[in-house]
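I have placed the structure first, in the form of structure tokens, so that the comments after it can refer back to it.
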Amino acid sequence: MADVERDLLKSVKAHLRITWDSQDDEIKEMIDEAKGYIVATCGDTDFNIGIGFTLLKNYCRYYWSGNASMFEMNYRSLILKLQIWNGRKKKG
């Protein structure tokens, strides 16, 4: 696993307050699903900083608690901001 992926896993686990390693594979799958959702909704995104990182961690939190269906409604404004940000990057 690359250092960036390991750091992201560590950050998500800290955000979820998970201290054990036995579910790391499940958490990695959850992170991949979050990335897929955000990229499909907002375009190419940097998940290491800023809004992309915030959305990823919070998608994982909603997913972990069984409320992924509520994520889009509750994070609509940040999703829109990321869509605009990514659209500007693409143009310029």
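Overview of results
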| quantity | calculated |
| --- | --- |
| Leading residue by the ranking (farthest from the chain's Cα centre (by Cα)) among those in region 1-24 that are surrounded by fewer than 12 Cβ atoms within 10 Å (Cβ to Cβ) and of a type in the set (A, V, I, L, M, F, W, C) | Trp20 |
| Unmet requirement for Asn86, which otherwise passes all of (1) polar (S, T, N, Q); (2) open to solvent by less than 50 Å² (accessible area, probe 1.4 Å); (3) closer than 22 Å to Arg17 by Cβ | (3) |
| Near pairs, Cβ below 9 angstrom, 6+ apart or cross-chain, from region 60-85 (within 16 Å of Met30 (Cα to Cα)) to any residue that is of a type in the set (Lys, Arg) and open to solvent by 40 Å² or more (accessible area, probe 1.4 Å) | Asn67/Arg61; Phe71/Arg61 |
| Flag for Ile27 being β-branched (Val, Ile, Thr) and open to solvent by less than 40 Å² (accessible area, probe 1.4 Å) | yes |
| Residue list for region 1-45, restricted to those being closer than 15 Å to Cys60 by Cα and either among the hydroxyl-bearing types (Ser, Thr, Tyr) or in contact with a strand residue (DSSP E or B) (Cβ under 9 Å, 6 or more places away or on another chain) (or both) | Ser11, Tyr37 |
| Qualifying residues in region 30-58 (those that are of a type in the set (S, T, N, Q) and within 8 Å of the chain's Cα centre (by Cα)) - the one least open to solvent (accessible area, probe 1.4 Å) | Asn58 |
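The values are calculated or read from the model by the stated rules, or taken from the named source; none is laboratory data. Predicted model only: the values in this text are computed from it and were never measured. When we count neighbours, we look across all protein chains shown, and the Cβ atoms used for this are built from the backbone with ideal geometry, even at glycine. Accessible surface areas use protein heavy atoms only, side chains included; no ligands, DNA or RNA. Shrake-Rupley method; radii C 1.70, N 1.55, O 1.52, S 1.80 Å.
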